[in-house]
Structure formats: C-alpha cells, structure tokens
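The values are calculated or read from the model by the stated rules, or taken from the named source; none is laboratory data. Please read these numbers as outputs of a predicted model, since none were measured by experiment. Every residue, glycine as well, gets a Cβ built from its backbone with ideal geometry; the counts of neighbours run over all protein chains shown. We work out accessible area using only protein heavy atoms, side chains counted, and drop any ligands, DNA or RNA first. Shrake-Rupley method; radii C 1.70, N 1.55, O 1.52, S 1.80 Å.
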Amino acid sequence: MLTRPPVKFIDRIARALPQIVVAPGFAAILYFVYGFIIWTGYISLTKSKMLPNYTLIGTRPYERLFQMDRWSVAIENLFIFGFLFVFVSVVVGCLLAVLLDQKIRAEGFIRTIYLYPMAISFIITGTAWKWIMNPSLGLEKVIRDWGWESFRFGWTVDNNLAIYALVMAAVWQASGFAMALFLSALRSVDQDIIKAASLDGASPWRIYLRIILPSMRPVFMSAMVILSHLAIKSFDLVVALTGGGPGYASTLPANFMYEMTFRRNEIAVGAASAMVMLATVAAIMVPYLYSELRGKKHV
Amino acid sequence: MASLTIKNAVKRYGHVEVLKGVSIDLRDGEFLVLLGASGCGKSTLLNMIAGLEDLTEGEIMIGDRVVNDVHPKDRDIAMVFQSYALYPTMTVGQNIAFGLEMRGVPKAERALRVEQVAKTLRMDHLLDRKPAQLSGGQRQRVAMGRALVRDPEVFLFDEPLSNLDAKLRLEMRTEIKRLHKRLNATMVYVTHDQIEALTLADRIAILKDGEVQQLASPAEIYEHPANMFVAGLVGSPPMNFLDITVEAGEAGPAAWVTLRADGADKPVLLDLSAHTARLDGYVGRKVVMGLRPEMISQGTTDAGQCVQCEIDVTEATGADTLCVLNWNNQEVLARGTSGYTKILEGTMDFTIETERACLFDPESGLRLD
C-alpha cells in the first residue's frame, strides 16, 4: 500500500493563506457590526436608561418610541426628506448628465465642479448652507442690502420649511454624484443605436426619452438605492445645518437616536429607534441585493 | 427606389485625408459592394451616404436630389449595422415599428406592416421578445426587418454578417441576395469579405487608402483585375504572383521559369504568345505574372502548356485539393484536383493556362492591357 508523503507544514500554511489573511477583518466585522446589531436589538428590549441594564421588559421601549411626537416628526421628516432628496437629485443629476453629454467644451472641468460637493463632508456643506440661509448674514441680507427690502429667505428658522432647507443642501451635495453615475451610463450606450434611431427619424430628445434613458434603468436603480440609504443615514447635515430645529421640526431618525441615547438617558428607546432604522434600510437594500445577485447568476 | 450618385466625395479629418475623391454612380435597383481592408474608408463612405458624417468636398445625390445638407432621417434610407444596434428596452415588434412610429404612421397600419415584414423574414414568433433573448442570427433578422419595414429608397449594410458564425453567414448571405432580387432595391453593402462581395454584388467598388481601385462587375474584377492590389484581394486562395523577364520566343513573347521537378531545379520556357499585343514593348523587361491557383491544374489537358513539377505539400480543403509547388524558389499554389480523395505526391504533370494569366507592370502595379 502506498503511503502519502507527509504534507509539509509550510505547504499547509500556503494553502490556507487566503483564509488567514481575510480572517482578522472578517472577525472584526462579525464582532463590531453584527455583534453590535444583536446587542442593540437586545438592549432595545430592556429597561436601560442612562447605562445599559440587561433586565428584559419586552417591547415597552418600542411602544414608548411610537408614542413620542418627536419620533413621529422624525419619521415624517424622513419621508419628506428622503423622497424629495432622492427624486430631485436623480432628476437634476440626469438633466446635468444629458446636458454634459452634448459634446461641450471643457467638459472635464465642468464635471469636476459638479462632482466636487460629494468630496466635501456633510458637516461643511451644512455649515456653509447654514450661513447662506441665515436671515441676518446670508442670502436674505445680501438681497435686502441690494434694495429688495421685503425679500424673505428664512427657511432654516421656519418650522415648516426647515426640512426643505435640508433637502436643498443635500441635493446640492449629491446631484453631482448622480450626474457622474448617469454620465458614465450615457457614455456606454452603443453609438450605433443612436445612429440607428436618428436614421429612424427620432429627434435627439426622443432618442434620450425613448431609447437611452430606458436602457439606463439599472443605473437609476443603483442611484436610488445609494441616495436613499444616504437619506436614511443623514445625521451630520442636520446637526450642522439646523441642529434639528427650530425645536425638533427638522429632526431625522438618526438625530433622534443620538438625542435619546446620549443626551436624554433613554438608551432603550434609542436602541429601539436604531432597530427601526435598520429595518427600513434592510427593506430597501435586501430586495435590491437580491435582484442584483440573481441577475448576475443569469448572465 | 432611386439611383445614387456620389461625385468626387472627399473626407478629411484635420490633415488626414480618409477619402480622396470617390465617384460612384448607382442605377436604380443596383447592388453595390464596397470592398476593402479595415481603414480604407469604406465605412466612412457609407456613413456619408447615410448622412451620419459630413462631406468635406463633393456631392451625394439620391435620385436627382442633392442630399449633402439633408438630415439623415429625411434622406429616406435604412441602414443595417454590424452591431445590429437594436433598441435594448423594446420588443422585436417595437424595434421594427419604431421608425414608422417616428414618421407618424397610424397604429393599425404599423401593426400590419410589422406583421408582413416578420412573415417575410420568418420571425413572426419572435415579435414579443426582447433583443437580449435572441440569438445572433435572430438579431440580424430583426435589424434587417427594421430596415425593410420602412421601404426606403436606399438600403445600406455595414458589415452585417461579420458577427455571425460561418454557417449562419452563408444562410443570411443567401437571404440578402433573395431579398434584393425580390425588392429590386438600391443597396450599398460594406464588407471586407471578398466572397460576400463576389456573391452578392452587381458591381464591386474596391477601396484602398480612400481611393477606388476598381469599380466593376464581380466577373470583371475576378477575371480582369485592374491592378495587383485588386488581384491579390479578390479570390480565395489568392492569386500567385511571379516575377518574370519577357523574352522574344519563336511564336511570340515567352519567359523562363525555374521549376523544381524530381529533386532538381529545371528551367522551362513559358509560352506567352497569347499576350503578344499586351507585351508589345516589354521584351527584355521585367513584368509580374499573376496566375490564379485554378489556372494551374493537375493532369495533362489541351487547355494550356504542360509542365512537370514536384509537389511540396498538399492541402485538402474538401472541395479541392491544393498543391504547393516551387517555382523560382517561391511557393506557388495550384489546384490539384477537385474532391478530397486523391493523395498527390512526388513529381506530377500540371497544365498552366498561360492565356488566362494576368500581367502587371511591376512599378505601377497596373495590369497590362
């Protein structure tokens, strides 16, 4: 009978090298991401106040959460902000991309200008827009100094308009990114298709509307998913631009969570709100990932 | 249906001259093939006819209308692209109907015409599918259907078969030929495949470096190529070129060729008396003799001069068996036999049909006439 030559130790290491290299990162993600998700989930069912307390009290924190006006305002704001932010960013980004696609001069330069806001942190965007929209030193003052005495632009200090001020700043930041996504998709359209359509008698805007934009559906999907999870995670913009105010009129769920957990000694309620946010993101991401991965298999 | 006239078309990109004054005249219903290697300007010319590129100089007329400044959509032409260029988000039916829709044809008539075209191209069962669900050959049919449904004045084809496998290419080639016969439409077809050109065309325009080398019927181009470039491009296997020096023989001009036979080189005097008029004034000078492989056939016949040659290698292609011979220390392809079965080796008899040979001036490359 043949005996196998003994496998050398070094060969075993070499064979297992990929796993060994990946393992620390994998362990860290497992512990810090999924471990803490489970921990937060557990905490959201306890009577934790200022410090974690592991006594389970069932879904009481969730009940309290949904009774709070601050939370319902935050959720309502999230819907307004999320919907407007995603919709306007996609429309503006798409429009900019189509305009940039007209073989214009200095395209690279202009593209960089539009893309730049994405490189800036939300804190800076928020601060800059806070100054621009501040009635006593921003746009309102400038225009009044020019002589239009009755001009008003006090969105950040208006209970009903503060959330739209957030939308404006966020759109300014993200639409350039949407534009870059759409522009690369526009560029990858087969030029022959455009030629064929123009021979078929379609005008340029009809070519965009009927042929090019429909073929970019996957890119629209990606843009919407990326932007909507940006919207749900928006935290720093609110902190810098309105501080959640006036009052709590422009609070978003992330700010609510921070407020509860670290300022108001309501860790359980904060954890409950975090779990609700996780569920919201999952509701968007899971179907998307599912369709993406399934699509890959078919190819 | 209409005639197509191209007058002295020039295309320059900066200082690069892609087309150097091309003039082609097409009758109504004629099938023209633009043949040439890549970069010869044939696709540029086609795009200019379609209106996708501007002319730098010259004039293009469809019927008796100058179309230089007419928008592509108003030229009443249809084009089939190499990549098929189907609209990916539309079904086959919508793809075919799109051109009609853009021209404001009512819905009922659109449906009727799409159905007719689908029937002609035998793809009525595919109308509800998306292009991504079709095979290469089916996509090709849809691209043709999209052109057909418009019933245009001129059809343009930009290498429509080059993305298909060999068998499908043959099928679609026949289909296009049949279509042309039935529609009797004016068609311009760009290809780099000389077999496609020979089989499809009423006339072939051979382009090289932006100039028309020869514009003639396939038979004329095959039998009487205008120059060495055309002779080498058209025909498969390609024509053999031999450098010879014309001598004054007993019956007329002749030339010595060294043949390898029985392991030794042996000079043979080839009789060129059939070309007496052509070679007038060339005695003592070098010319290039072009012989197609089928002009050198195995066996002894009365068709030409009989010589003995040693066979270096045989290549059986199925329909023909080709022999590689050694003349003037140069490989020469000959058509051994038709059919596959016979094994040819050693030194055998070959008949050379010298009167069918083409003779070229070695400097200008032009055929002696």
Next on the checklist: Restricting to DSSP loop positions (anything but H, G, I, E, B) with no more than 14 other Cβ atoms inside 10 Å of their own Cβ, which GluC sites (Glu not before Pro) remain in segment B:236-299?
Outcome noted: B:Glu250
Checklist outcome for this item: In the protein assembly as shown, taking the dipole from +1 charges on Lys and Arg beta carbons and -1 charges on Asp and Glu beta carbons about the Cα centre, the listed residue (A:Ala165, A:Leu213, A:Val98) farthest towards the positive end is A:Ala165
Item to check | On Cα atoms only, tilt of B:166-183 relative to the major axis of chain B in degrees | outcome: 70
Checklist outcome for this item: Whole-Hz Karplus couplings 3J(HN,Hα) for segment B:266-276, θ = phi - 60° and coefficients 6.51, -1.76, 1.60, Gly and Pro as x, run 9, x, 10, 8, 7, 7, 10, 5, 5, 9, 3
Item to check | Candidate residues B:Leu325, A:Leu78, B:Leu215: accessible-area rank, largest first, probe 1.4 Å | outcome: B:Leu215, A:Leu78, B:Leu325
Next on the checklist: Shape verdict for segment A:1-92, please, from the Cα gyration tensor: rounded (a/c under 1.5), prolate (a/b greater than b/c) or oblate.
Outcome noted: oblate
Checklist outcome for this item: In terms of the charge dipole of the protein assembly as shown, which places +1 on Lys and Arg and -1 on Asp and Glu at the beta carbon, the residue among B:Leu127, A:Val238, A:Asn265 farthest towards the positive end is A:Asn265
Item to check | Histogram of C-alpha separations across the protein assembly as shown, 20 Å bin width, % | outcome: 13, 29, 26, 20, 9, 2, 0
Item to check | Highest-MSF residue in chain A out of A:Pro287, A:Pro24, A:Pro117 [GNM, Cα springs under 10 Å] | outcome: A:Pro24
Item to check | Compactness relative to 2.2 N^0.38 Å, alpha carbon Rg of segment B:240-360 | outcome: 1.05
Next on the checklist: Can you work out the Karplus-derived ³J(HN,Hα) for every residue in segment B:142-147? Use 6.51 cos²θ - 1.76 cosθ + 1.60 with θ = phi - 60°, whole Hz, and x for glycine or proline.
Outcome noted: 4, 4, 5, x, 4, 6
Next on the checklist: When a/c reaches 1.5 or more, the comparison of a/b and b/c decides; with that in mind, is segment B:195-293 rounded, prolate or oblate per its Cα gyration tensor?
Outcome noted: prolate
Next on the checklist: Could you tell me which residue out of B:Gln330, B:Val70, B:Val117 lies farthest along the dipole of the protein assembly as shown toward its positive end? Charges go on the beta carbon: Lys and Arg +1, Asp and Glu -1, centred on the Cα centre.
Outcome noted: B:Val117
Next on the checklist: Using a 1.4 Å probe on the protein heavy atoms, what percent of the accessible area of segment B:75-128 belongs to carbon and sulfur?
Outcome noted: 52
Item to check | J(HN,Hα) series, segment A:131-137, from Karplus relation 6.51 cos²θ - 1.76 cosθ + 1.60, nearest Hz, glycine and proline x | outcome: 5, 4, 8, 6, x, 8, 9
Item to check | Per residue Cα convex hull volume in Å³ - calculated over chain A | outcome: 262
Item to check | Amide hydrogen neighbours beyond the local backbone of B:Met79, cut-off 5 Å, H modeled | outcome: B:Leu156
Checklist outcome for this item: Between chains B and A, the summed loss of accessible surface on complex formation, probed at 1.4 Å and reported to the nearest 100 square angstrom, is 1700
Checklist outcome for this item: In segment B:72-104, the residues losing 20 Å² or more of accessible area (1.4 Å probe, heavy atoms of protein chains only) relative to their chain alone are B:Pro72, B:Lys73, B:Phe81, B:Ser83, B:Ala85, B:Tyr87, B:Pro88, B:Thr89, B:Met90, B:Phe98, B:Glu101, B:Met102
Item to check | Descending semi-axes in whole angstrom, ellipsoid equivalent of chain B, from the Cα gyration tensor | outcome: 47, 25, 15
Checklist outcome for this item: With the 1.4 Å probe rolled over protein heavy atoms, segment B:4-227 has an accessible area per residue in Å² of 42
Item to check | C-alpha long axis of helix B:92-102 to longest principal axis of chain B, angle in ° | outcome: 70
Item to check | Theoretical FRET efficiency, 1/(1+(r/R0)^6), r = Cβ-Cβ of A:Arg152 and A:Met118, R0 30 Å, to 0.05 | outcome: 0.45
Checklist entry - P(r) of segment B:54-117 in 10 Å steps, Cα pairs, percent per bin? => result 17, 38, 30, 14, 1
Checklist entry - Which residues, if any, in segment B:46-60 have at least 30 Å² less accessible area in the whole protein complex than in the isolated chain, probe 1.4 Å? => result B:Leu52
Item to check | Among beta bridges that DSSP assigns inside segment B:4-227, antiparallel share in %, nearest 5 | outcome: 55
Item to check | Taking the C-alpha atoms of segment A:250-299, convex hull volume expressed per residue in Å³ | outcome: 74
Item to check | Largest-first principal axis extents of the Cα set of segment A:80-252 (Å) | outcome: 58, 38, 26
Item to check | Shape box of segment B:1-141 [Cα atoms, principal axes, largest first, Å] | outcome: 48, 31, 26
Item to check | Quotient of Cα Rg and 2.2 N^0.38 Å for segment A:171-252, N being how many residues it contains | outcome: 1.59
Next on the checklist: I need the chymotrypsin sites (Phe, Trp or Tyr not before Pro) found in segment A:35-73, filtered to DSSP loop residues with at most 12 other beta carbons within 10 Å of theirs.
Outcome noted: A:Tyr54
Item to check | Residues along segment A:177-217 losing 40 Å² or more of accessible surface when the other protein chains are present rather than the chain by itself (probe 1.4 Å) | outcome: A:Asp192, A:Ile193, A:Lys195, A:Ala196, A:Ser198, A:Leu199, A:Asp200, A:Gly201, A:Arg206, A:Arg210, A:Ile211
Checklist outcome for this item: If one builds a Gaussian network model of chain A from Cα atoms under 10 Å apart, the most fluctuating residue listed among A:Gly245, A:Gly126, A:Gly147 is A:Gly147
Item to check | Helical contribution to [θ] at 222 nm, DSSP H n ≥ 4, -39,500 (n - 2.57), averaged over chain A, rounded to 500 | outcome: -21500 deg cm²/dmol
Item to check | Residues whose placed amide H lies under 5 Å from that of B:Thr258, excluding near-sequence neighbours | outcome: B:Val268, B:Asn328
Checklist entry - With all pairs of different alpha carbon atoms counted, what Kirkwood hydrodynamic radius in Å does segment A:167-216 show? => result 12.2
Item to check | Helix-derived mean residue ellipticity, 222 nm - over chain B, DSSP H n ≥ 4, -39500 (n - 2.57), to 500 | outcome: -7000 deg cm²/dmol
Checklist entry - Points 7 angstrom from Cα along the Cβ direction at B:Asp243 and B:Ser38: gap in nanometres? => result 3.2
Checklist outcome for this item: Highest GNM mean-square fluctuation among B:Ala132, B:Ala78, B:Ala255, for chain B with Cα springs under 10 Å, belongs to B:Ala132
Item to check | For B:Ala316, distant residues with modelled amide H under 5 Å away | outcome: B:Leu322
Checklist entry - In whole percent, how big is the carbon plus sulfur part of the accessible area of segment A:19-92, probe 1.4 Å, protein atoms only? => result 76
Checklist entry - Which value in Å is the Kirkwood Rh of segment B:236-278 over different Cα pairs? => result 11.8
Item to check | 1.4 Å probe accessible area per residue over segment B:240-360, in Å² | outcome: 48
